[in-house]
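Worksheet: the structure to be examined is printed underneath.
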Amino acid sequence: MFLGCTKELSSVLKAIELLKTSIFEHSLDGTIFQEAMSFAESDELYLALVDKTSLEVKTEYLHSFPELFKEDVLTLARLKQFKNLNLLKSLCKDRNPLSDITIYDLDNPNSKYLTLVAFNNKRSNRSAPASYLIELILPYLHKALVARYQSDKTSRSPIKTLTSREKEVLDWISSGKTNGEIGMILGISQYTVKNHVAKILEKLNAPNRSAAMALSKELGHR
């Protein structure tokens, strides 16, 4: 399997180190994705992070990948709930015999997302084609993609618009405390707490305390 493919394996090792850094720094982008896939054709690359529940693409990177074909791939994938990889591979190969696709973390019950990668085998070594080598970097690519998405999601969080006192009140709301109890803990009046709660709900666009608590938990505030 590895005979004559030293260059490709070296590229994989470099890709893994690059992706490890991207995981730590939340820095994955289209350029890093291309560099990590250097053992495959540099064109016709597509990377997507998909929510397993809604089947929505949360973030994606494309390089010379036709938009219409991307939509065809996603339409078929959603129709089969991303569970028929062979059908997706056939769709890719019908368009280009060297095109391929893979999915990572679909069956992991502890993961909210799956990663889909479409690529081209044209530049790969026959002893270690890109379709094999990509399996070695997929865990790191998936983690880097999730890390970048969650970082971007947090940076856009409406919780960042809350004042320090409002965040403090939200913490106590999330702990199940009433306005009266929060007032006693913070040494402020129940009326002041009520005003803080109203501003929190407005800023978070939450209809009630339960919704604010759920949003706080989703965004990792607590």
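Each value in this text was obtained by applying a stated rule to the coordinates, not by laboratory testing. Bear in mind that the values here come from a model prediction, so they are computed numbers and not experimental data. Positions of Cβ are generated from backbone atoms using ideal geometry, with glycine treated the same way; all protein chains shown enter the neighbour counts.
Miscellaneous remarks
- Cα pair distances in region 100-153, grouped into 5 Å bins until the bin that holds the longest one, percent each: 4, 18, 25, 22, 15, 9, 5, 1, 0
- Sorted from greatest to least, the principal axis extents spanned by the alpha carbons of region 1-79 come out as 40, 29, 23 Å.
- Computed from Cα positions, the angle between helix 130-155 and the longest principal axis of the chain comes to roughly 20 degrees.
- Extension reserve of the ASN108-LEU62 stretch, reckoned as 0.36 nm per residue once the Cα distance is removed: 14.0 nm
- Taken along its three principal axes, the alpha carbon spread of region 158-218 comes to 27, 19, 17 Å, from the longest extent down to the shortest.
- Cross-link reach is defined here as a Cα-Cα straight distance under 30 Å, omitting same-chain residues fewer than 8 places apart; for LYS177 the lysines meeting it are LYS112, LYS153, LYS160, LYS167, LYS194, LYS199, LYS203, LYS217.
- With eigenvalues of the C-alpha gyration tensor scaled by 5 and rooted, the chain, Å: 45, 18, 13
- Taking 1.567 mPa s as the viscosity and 4 °C as the temperature, the Stokes-Einstein diffusion coefficient of region 93-222 based on its alpha-carbon Kirkwood radius rounds to 71 µm²/s.
- Relative packing of peptides 154-160, 31-37 - highest average C-beta neighbours within 10 Å first: 31-37, 154-160
- Averaging 1/r across all pairs of distinct Cα atoms in region 15-131 and inverting the result yields a Kirkwood radius of 14.8 Å.
- Given their separation in residues at 0.36 nm each and the Cα-Cα distance between them, LYS20 and THR178 gain 52.5 nm when the chain is fully extended.
- Relative contact order of region 6-155, defined on C-alpha pairs under 8 angstrom at six or more residues apart (%): 32
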